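Below is one structure, written out as structure tokens; the observations come after it.
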Amino acid sequence: MKHQGLGPPGARSWTGVDKNFEAFFQRRSDFCSDLHSLRPPSCISPSHVILLAFCNTGKMSTAFRSIAPFVRTARQGLRSNINPLQSALKKQNAAGVLNLYRTYAVFERTKPHVNIGTIGHVDHGKTTLSAAITKRQSEKGLANFLEYGAIDKAPEERKRGITISTAHIEYSTENRHYSHVDCPGHADYIKNMITGAANMDGAIIVVAASDGQMPQTREHLLLARQVGVQKIVVFVNKVDALEDPEMLELVEMEMRELLNTYGFEGDETPVIMGSALMAMQNQRPEIGQQKIDELLAAVDEWIPTPERDLDKPFLMSVEDVFSIPGRGTVVSGRVERGQLKREEEVEIVGKGSEPIKTKVTDIETFKKSCESAIAGDNSGLLVRGIRREDIKRGMVVSRPGTMKSHTQFLASLYVLSKEEGGRHKGFMQHYRPQLYLRTADESVDMTFPEGTPDAHSKMVMPGDNVEMVLTMMHANAVEVGQRFNIREGGKTVATGLVTRILK
């Protein structure tokens, strides 16, 4: 029978040494050292250099010796197009070039950018509405469709059917580009909602027609107001589950009254009634897709385009930290003010640690590369030479020397009444609740200022406006004029404003 291999009878075929090739490539450092030791003249081609390395048994590594006999017998008849070693090396080199010169989608600023989000009670349909918006806008080429499971992607979220962490999505309308935060509605995860609301320029509050306003509906409105959200659009969801039109009118009337109670313009606020589920299932367009269009038109018109503070020093609150294998550590969050370009120096401040100095090597927004991060953007900053463990949520990224950590400040407080969802009883000094400041949450000790008469016996009652000294357990980045919230036992008990830094 005629021999079918490339070498003479008895020689091993290329297929027979696949395992040797795998071992060889795992030890490609040996390969490089062998080639370097040969120092071939410039007239010899790269392919001959490889063969010389194989044949020079005096200087070859273990990996070379394992395949040298075969290469010596077969080298005369090798053609480059059927030589798996040469082919593999070409592929490896090509892959290296691709990895070295990877290209990224570029984030283009062609429309005004606005940060909005969905807030409201648990299970009223916030995440379904967010998914329905991306579905509808994807049909117009203005978004990438994200299903419900792609937004609530954590295993615990899927298991329980609720949102736990804030989720960020993006889409556009004809007039604007939107960054959309889907906030958790469950009372146990209200601190994540506070973080999300702090990043919003406006909000969509979702209320189920079958339930009407609920405890987290009211609390979310209060928190949104306290973190500076000025404009809200109402989406009455699940109208397909309600047949009585009078009930819909009652829900609308209640929501307008509630908005007025918390300082929003309830009488003028747009109220859209529809079904996010019908929009997702392409059923009953009169309460599905058409209502999504109405909602986005109302958002475009009612929520103003904010004026960004670009002249002040750069500041970004750290919301999340993660690592990208082979690239480094990424810190993400919303840019509060200023702007930052690649290769610029920054400091990471807060959480009781000394300022961490580093350089930003890359900037991305929604997985698209950017030349700069500006106020209002939700950006990810790739930082150099820092471990993920060194950065914590609640810290801030700032221009060097512009931010400092503090442990004590004087604040003007409003203590919520029982009717507003606050405490039923008053509290005395050395009260120790939880402070929510930007994306940070910190235990705090509350005392009266020095010189306050009868400070040891004085009590602060629900509904009071009071001035108090707040001392944090760890130093955090604090500024005069900054707003914050005080919570205890699942309730927001007070809101306040920093008036003076003490320590």
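The values are calculated or read from the model by the stated rules, or taken from the named source; none is laboratory data. The model shown is predicted, which means the values in this text are computed figures rather than measured ones. Ideal geometry is used to build each Cβ from the backbone, glycine not excepted, and the neighbour counts take in all protein chains shown.
Observations, loosely collected:
- Subset of the range 460-498 that is in contact with a Leu (Cβ under 8 Å, 6 or more places away or on another chain) and surrounded by fewer than 13 Cβ atoms within 10 Å (Cβ to Cβ) - its residue that is nearest to residue 424 (Cα to Cα): 465
Residues checked against (1) of a type in the set (Val, Ile, Thr); (2) part of a strand (DSSP E or B); (3) over 20 Å from residue 421 (Cβ atoms):
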{"position": "435", "(1), (2), (3)": "no, yes, no"}
{"position": "441", "(1), (2), (3)": "no, yes, no"}
{"position": "462", "(1), (2), (3)": "no, no, no"}
{"position": "476", "(1), (2), (3)": "no, yes, yes"}
{"position": "487", "(1), (2), (3)": "no, yes, no"}
{"position": "496", "(1), (2), (3)": "no, yes, no"}
{"position": "500", "(1), (2), (3)": "no, yes, yes"}
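- In the range 442-459, the residues that are charged (D, E, K, R) and touching a residue at least 24 places away in the same chain (Cβ under 8 Å): 442, 445, 458
- Checked against the criteria, residue 429 does not count as modelled with pLDDT of 90 or more and either within 22 Å of residue 227 (Cα to Cα) or not assigned by TED's automatic domain parsing to the domain that holds residue 224 (or both).
- Residue count for the range 325-348, restricted to those that are hydrophobic (A, V, I, L, M, F, W, C) and more than 16 Å from residue 370 (Cα to Cα): 2
- Residue satisfying condition, being under 22 Å from residue 362 (Cα atoms) and among the hydrophobic types (A, V, I, L, M, F, W, C), within set 299, 321: 321
- Filtering the range 227-281 to residues that are charged (D, E, K, R) and either touching a residue at least 60 places away in the same chain (Cβ under 8 Å) or not in a loop (DSSP other than H, G, I, E, B) (or both) leaves 231, 238, 240, 246, 249, 252, 254, 256, 257.
- Among residues of the range 446-459 being surrounded by fewer than 16 Cβ atoms within 10 Å (Cβ to Cβ) and either among the aliphatic types (A, V, I, L, M) or not in a loop (DSSP other than H, G, I, E, B) (or both), the one that is farthest from the chain's Cα centre (by Cα) is 455.
- Restricting attention to the range 197-216 and to residues that are in contact with a strand residue (DSSP E or B) (Cβ under 7 Å, 6 or more places away or on another chain) and over 12 Å from residue 183 (Cα atoms), the residue that is modelled with the highest pLDDT turns out to be 207.
- If you filter the range 241-288 down to residues that are under 17 Å from residue 206 (Cα atoms), of a type in the set (Val, Ile, Thr) and more than 30 Å from the chain's Cα centre (by Cα), you find that the one that is surrounded by the most Cβ atoms within 10 Å (Cβ to Cβ) is 251.
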